[in-house]
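S.K.: To start, I am sharing the structure in question, which I have written as C-alpha cells.
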Number of protein chains: 2
Amino acid sequence: MTDRTETRARLLDGKAAAARIQETLRPRVERFTQAAGRPPGLGIVLAGDDPASAVYVRKKVGLGQAFGLRVDLERLSAAAGVDAVLAIVARLNASPDHDGILVQSPLPPGMGADAEQRVVEAIDPAKDVDGLTATSVGRLVQKRPGLVSCTPAGVIRMLEDEGIAIAGRHAVVVGRSDIVGKPMAMLLLHRDATVTMAHSRTPDLEAVCRRADILVAAVGRPGLIRTGHVRPGAVVIDVGVNRVTDAAVVAGLFPEGHRRLEVFRQNGSVLVGDVHPEVEAVAGALTPVPGGVGPLTVTMLMANTLQAAEAAR
Amino acid sequence: MTDRTETRARLLDGKAAAARIQETLRPRVERFTQAAGRPPGLGIVLAGDDPASAVYVRKKVGLGQAFGLRVDLERLSAAAGVDAVLAIVARLNASPDHDGILVQSPLPPGMGADAEQRVVEAIDPAKDVDGLTATSVGRLVQKRPGLVSCTPAGVIRMLEDEGIAIAGRHAVVVGRSDIVGKPMAMLLLHRDATVTMAHSRTPDLEAVCRRADILVAAVGRPGLIRTGHVRPGAVVIDVGVNRVTDAAVVAGLFPEGHRRLEVFRQNGSVLVGDVHPEVEAVAGALTPVPGGVGPLTVTMLMANTLQAAEAAR
C-alpha cells in the first residue's frame, strides 16, 4: 500500500511566493522614495458597501501601507452617481502624488450598466495598475511594456518562482474574463506555451482540460474542476475565490473530518476555489484556496504601482 | 471505386464571398457620400519599393476606387526617414477628408527597428483601419466596438457567409502574429469557439491541429499543414500567401500535371499558402490560395474605412 500523502499534489504556497517577490520589490520602493522625495502612491476608489469589496480593499490598503506605499482610499456611498467616480479618477489622474489608480469592482448597480467601462477608460493608462484600459490590454497582447492585470501577472510570477516551465507546455485556461482569462492566455502564449481558451460553452470540458500540462481555472464556480478534468501530474492553478454558504454544496466538496468543513461550521461560510479539493490527489502541483493565487494578486498590485511610479520619473 | 472528386474539400470561394459582402456595403457607401457630401476617404502610405507591397497597395487602391471610396496614395522613397511617415500620418489624422489610414508594412529597414510601432501608435485609433493600435487591439479583446484587423475579420465574415458554425467548435489558430493570429483567436473566442493558439514552438503540432474543427493557418511557411494535421472533414482556412521561386519546393507541393505547376513554369514563381495542396483530399472545406482569404482581406479594408467614416459623422 502506498502512503497516501506521497501521491498528493505539491501545494504552491502563495504567501511564501508573495513574500519572496516583496523582498525583491522593497529596495526599489526605498530607492524610489528617496529619489522622488515621496513614496509611490496608489489611489483606490471604493463605491457602495459590497462586503467582499470592503474585505479586498482593506487588504490592499493594509499591504500597500506595510510596504511603504502611500495608499489613499476614496469612499463613495452606493447612492453616488458615476460622475462622482469620474471626478475622483480625474483628480487622481492629475495628481503628482498618485502613480496608480484602482477602482474596486463591482460599482453599485445604480450607476448604470456601462459605468465600469466608462470609469476604466477614464483612467490614465500610465496609472492603470489593474491593466484594464484598452491601451493596457492592447500593449499586453502586442507584448509591449505596460501594466498587466494583477492576477494573471501573479500566476506567471508564481510559476517562475516555483521553477515550473511554461515554454513548450500545453496550457488550458478555463474562463475568458477580461481581468483574468484573456490576459492569462496571452501571458502564457508569450512564454511559448500552446494555449487553449475554454469556457462555459466548451463541449466536453473534461477532455479539453485533461490535455493541459498547466490548467488555470478562472470561472467563479466552486469545485467545477474535478479529478476527471486533470491529467495526473498536471500543474493546476486555482484562481477562483467563491464564498459558499450552502451546506449541501460544502458537503459535496469536503469529506467528513476535513479541516475546511470545520471552518464552515464555525463561520457559516467557507472560501472555495474553482478546483474541487479531490484534485489534490491527482495534480502534480496545486494552488490552495485561500493562500494560493490571492496573495500574489495583491503583491502584483504593489509591483504595478511601483512600476508605474518608476516609469513616470 | 469512389469518384475521387467526391472526397475533395469544398473550396471556399473568397472572390464570391467578397462580392456578396461588397454588395451589402455599396448602398452604405452611397448613403454616406450623399449625406456627407464626400465619399469615405482612405489614406495609404507606401514607403520604399518592396515589390510585394506595391502589388498589395495597387489592389487596395483599385478596389477602393471601384468601390466609390476616395483613396489617396502617399509614396515615400526607401531613403525617407520615419519622421516623414509620421508627418504624413499627422496630416491624415487631422484631415476631414480621410476616415481611414493605412501604412503599408514593412517599412524600409533604414527607418529603424521601432519604426513600425512608432508609426502605428501615431495613428488616431478612430482611423486605424488595420486595427493595429494598442487601443484597437484592447477594444477587440474586450469585445467592444472598434476597428478589427482586416484578415481575421474577413475570415469570420467568410465563415458566416458560408454558414459554417463557430460556437461550440474547437478552433486551432497556428501562428501568433499581432495582425492575424492573435486577433483571429479572439474573434473566434467571442463567437464561443474553444480556441487553441499554436505556433512554431508547439510540440507535436500535428496532434494539436488534428483536434480542430476549424483550423486557421497563419504562419507564412509554404505547405506546412499536411494531411497529418487535418481531421477528415475539418474546415481549413489558409491565411498564408507565400511566393515560392524554388523549383524543388514547388515539386514537393504539386504533383506532375497540376495546373499550379504550369503557372510556376510560366512565371518562375507561384503563390502558395501555408496549407499543402494534398489537404484538399482530407478537409471538409478549404480556402484556396490565391482566391480564398485574400479577397476578403481587401474587402474588409473597405468595410473598415466605411465603418470609420460612419462612426465619425
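The values are calculated or read from the model by the stated rules, or taken from the named source; none is laboratory data. Computed from a prediction, not measured in an experiment: that's the story for all the values here. Here the Cβ is made from the backbone with ideal geometry for all residues, glycine too, and neighbour counts use every protein chain on show.
S.K.: So in the range B:55-86, with the set limited to residues that are of a type in the set (Gly, Ala, Ser) and surrounded by 14 or more Cβ atoms within 10 Å (Cβ to Cβ), which one is nearest to B:Glu30 (Cα to Cα)?
M.R.: Step one: filter the range B:55-86 for residues of a type in the set (Gly, Ala, Ser), giving B:62, B:64, B:66, B:68, B:77-81, B:84.
Narrowing the set further to residues that are surrounded by 14 or more Cβ atoms within 10 Å (Cβ to Cβ) leaves B:64, B:68, B:80-81, B:84.
On the way: B:Gly64: 13, B:Gly68: 8, B:Ala80: 37, B:Gly81: 38, B:Ala84: 34 Å.
Ranking the qualifying residues of the range B:55-86, first place goes to B:Gly68.
S.K.: State whether the residues of the range A:208-226 include one that is under 25 Å from A:Gln307 (Cα atoms), buried (at least 24 other Cβ atoms within 10 Å of the Cβ) and within 14 Å of another protein chain (Cβ to nearest Cβ). Give the derivation first.
M.R.: Initial filter on the range A:208-226 (under 25 Å from A:Gln307 (Cα atoms)): none.
No: zero hits.
S.K.: Which of (1) of a type outside the set (Lys, Arg); (2) at the interface with chain A (Cβ under 7 Å from one of its Cβ atoms); (3) within 21 Å of the chain's Cα centre (by Cα); (4) surrounded by fewer than 17 Cβ atoms within 10 Å (Cβ to Cβ) does B:Ser200 not meet, given it meets every other one?
M.R.: Failed condition: (2).
S.K.: Tell me, which strands (runs of 3 or more DSSP E) wholly within the range A:203-313 include 1 or more residues that are over 20 Å from A:Tyr56 (Cα atoms) and not acidic (Asp, Glu)?
M.R.: Qualifying strands (runs of 3 or more DSSP E): A:214-217, A:235-238.
S.K.: Next question, about the same structure. More than 9 Å from chain B (Cβ to nearest Cβ) and either within 17 Å of B:Val172 (Cβ to Cβ) or at pLDDT 95 or above (or both): which single residue out of A:Val195, A:Val244 fits that description? Can you show your working first?
M.R.: Values: A:Val195 fails: more than 9 Å from chain B (Cβ to nearest Cβ).
Step by step, each of A:Val195, A:Val244 is checked, and only A:Val244 is more than 9 Å from chain B (Cβ to nearest Cβ) and either within 17 Å of B:Val172 (Cβ to Cβ) or at pLDDT 95 or above (or both).
S.K.: Still on this structure, please answer the following. What is the one condition in (1) touching a residue at least 60 places away in the same chain (Cβ under 8 Å); (2) over 18 Å from B:Leu92 (Cα atoms) that B:Gln142 does not satisfy?
M.R.: (1)
S.K.: State which residue is nearest to A:Ala171 (Cα to Cα) when the search covers only the range A:254-270 and only residues that are touching a strand residue (DSSP E or B) at 6+ places or on another chain (Cβ under 6 Å) and of a type in the set (A, V, I, L, M).
M.R.: Looking only at the range A:254-270, we keep the residues that are touching a strand residue (DSSP E or B) at 6+ places or on another chain (Cβ under 6 Å), and these are A:260, A:263-264, A:269-270.
If we keep only those that are of a type in the set (A, V, I, L, M) as well, we get A:263, A:270.
On the way: A:Val263: 33, A:Val270: 29 Å.
Looking at residues that are touching a strand residue (DSSP E or B) at 6+ places or on another chain (Cβ under 6 Å) and of a type in the set (A, V, I, L, M), I get A:Val270.
S.K.: If a residue counts only when it is hydrophobic (A, V, I, L, M, F, W, C) and within 10 Å of another protein chain (Cβ to nearest Cβ), which helices (runs of 4 or more DSSP H) contained entirely in the range B:103-189 have at least 3 such residues? Outline the logic, then answer.
M.R.: Values: elements: B:115-122, B:134-141, B:150-161.
Qualifying helices (runs of 4 or more DSSP H): B:134-141.
S.K.: Still on this model: Please enumerate the residues belonging to the range A:60-119 that are within 22 Å of A:Val137 (Cα to Cα) and among the hydroxyl-bearing types (Ser, Thr, Tyr).
M.R.: A:Ser105
S.K.: I need a count of the residues in the range A:264-295 that are surrounded by 15 or more Cβ atoms within 10 Å (Cβ to Cβ) and over 25 Å from A:Ser149 (Cα atoms).
M.R.: The total comes to 10.
S.K.: Is it fair to say B:Asp178 is assigned by TED's automatic domain parsing to the domain that holds B:Ile237, at pLDDT below 95 and of a type outside the set (A, V, I, L, M, F, W, C)?
M.R.: Details: assigned by TED's automatic domain parsing to the domain that holds B:Ile237: yes; at pLDDT below 95: no; of a type outside the set (A, V, I, L, M, F, W, C): yes.
Judged against the criteria, B:Asp178 is not a match.
S.K.: Shifting gears a bit: Does the range A:35-50 contain any residue that is in a helix (DSSP H, G or I), β-branched (Val, Ile, Thr) and surrounded by 15 or more Cβ atoms within 10 Å (Cβ to Cβ)? Talk me through it step by step, then tell me what you get.
M.R.: Within the range A:35-50, the subset in a helix (DSSP H, G or I) is A:35-36.
Still in the list and also β-branched (Val, Ile, Thr): none.
Taking every residue of the range A:35-50 in turn, none turns out to be in a helix (DSSP H, G or I), β-branched (Val, Ile, Thr) and surrounded by 15 or more Cβ atoms within 10 Å (Cβ to Cβ).
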